[in-house]
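The structure under discussion appears below in the form of structure tokens.
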Amino acid sequence: MSGRLESGVAPPVGDNPAGDAKSGIKKPKKKKVLLMGKSGSGKSSMRSIIFSNYIARDTRRLGATIDIDLSHVKFLGNLTLNLWDCGGQEAFMENYLSQQRVHVFSHVGVLIYVFDIESRDVDRDMATFVSIISALVQFSPTARIYVLIHKMDLMPPPPGRTCSTSTSAPSAKRRPSSPPLSVSRQALPATCPLDITPFATSIWDQSLYKAWASIIHDLVPNLSAIERNLANLGVAIEAEELLLFERTSFLAVSSWTSESGQDNPTHDRLERMSNIMKQFKQSISRFTGTPRNAEQFVCMEHKAGTSFSLFILKFTTNTYLMAVLPAGEARFNAAMLNCRIAIEHFKFLDGPSSPSPSNPQQFGS
Ligand SMILES: Nc1nc2c(ncn2[C@@H]2O[C@H](COP(=O)(O)OP(=O)(O)O)[C@@H](O)[C@H]2O)c(=O)[nH]1
Ligand SMILES: [Mg+2]
């Protein structure tokens, strides 16, 4: 493996294969992301919560999306998401599939298709979905497809399970379940890629973060370098868990868990942390008057007696690092110091303009 890769600046990948090998400067990766589904299914809401720091309550004020709402989201230093939020009214959908077919479905990196669990016309929803997939397979056969079954908060929880974080969803709206959505393989075009990833989501809990973190995870450049460096840092500071968050969305970019950390029974703790931190940021913004996208804190510490300690540290320009440690003051202080020193080894996350060091070193080597 080349020294360049060790430093985190991997050989060019993705849509911009024009990385400058000599200078070690890697051009940013751009991904066209189509957000589609019936009108009112919750597309603009999730986009606003994840990328514009809306709170769930605010989404009720969102107007209907007319035609396509284009936005460019910078994620870390070298990934730009071109988000196409496609208004889902039938007339628009027909237009995407006819006149705008080439324009909409060419060069797509990811399709996120949102189904409303409350929909009364599942057959029609499925027919539209199949048409969209046909168009996508025709013009972007390599695109990844994610299906979100959305507004799950409106479903009664399965027997024996209670609701988790953020229970401020309007529970009065709970209704009996509609027929479950299922995608028949026969209904899809023969050339349709099989790996469609489904997620059950709601803007009222952490499930939205699980889905979006997974989508983003598949797009982040230099992931293997991030994972390697994170694992080396985790071992060095004797952590139980490390989590790397993107600065504004607070989506988990990558994580590392020690062997003992894997015994943690809370399996959705990663997305719970994203949700909690996002709400915390919004509260700070509300009470201090700082913009929601501003960098609102530098370090947060939590020492839970003899059970564990935790800190969340402003890390590189585009990231925060969370470290979970066994209890102990000395270990805590040493870990904090070492994480600050390790920032140098993660600077590539702020690329693409950060040149590779002349003698690149993997963290821990
Ligand atoms: N109960 C519930 N309502 C949601 C959820 N997501 C969005 N909504 C609501 O659905 C309505 C339509 O959302 P919007 O994002 O405009 O839908 P779009 O047409 O697909 O962009 C808004 O009033 C949102 O507050 C969810 O997960 N649960
Ligand atoms: Mg919309």
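The values are calculated or read from the model by the stated rules, or taken from the named source; none is laboratory data. Owing to the predicted nature of the structure, the values given are computational and were not obtained by experimental measurement. Heads up, the Cβs are rebuilt from the backbone with ideal geometry, glycines too, and the neighbour counts pull from every protein chain shown.
Of the residues in the range 55-75, at least one is in a strand (DSSP E or B), polar (S, T, N, Q) and in the same structural domain as T142 (by TED's automatic domain parsing). Within the range 67-106, if we keep just the residues that are among the acidic types (D, E) and within 13 Å of ligand 2 (Cβ to nearest atom), the residue that is surrounded by the most Cβ atoms within 10 Å (Cβ to Cβ) turns out to be D85. Kindly indicate which of A64, A56 is within 13 Å of ligand 2 (Cβ to nearest atom) and at pLDDT below 90. Result: A64 is the single residue among A64, A56 that is within 13 Å of ligand 2 (Cβ to nearest atom) and at pLDDT below 90. The residue pairs whose first member lies in the range 48-66 and is in contact (Cβ under 8 Å) with a residue 24 or more places away in the chain, whose second member is aliphatic (A, V, I, L, M), and whose beta carbons are closer than 6 Å, counting only pairs six or more residues apart or on different chains, are I49/I203; F51/V73; A56/I203.
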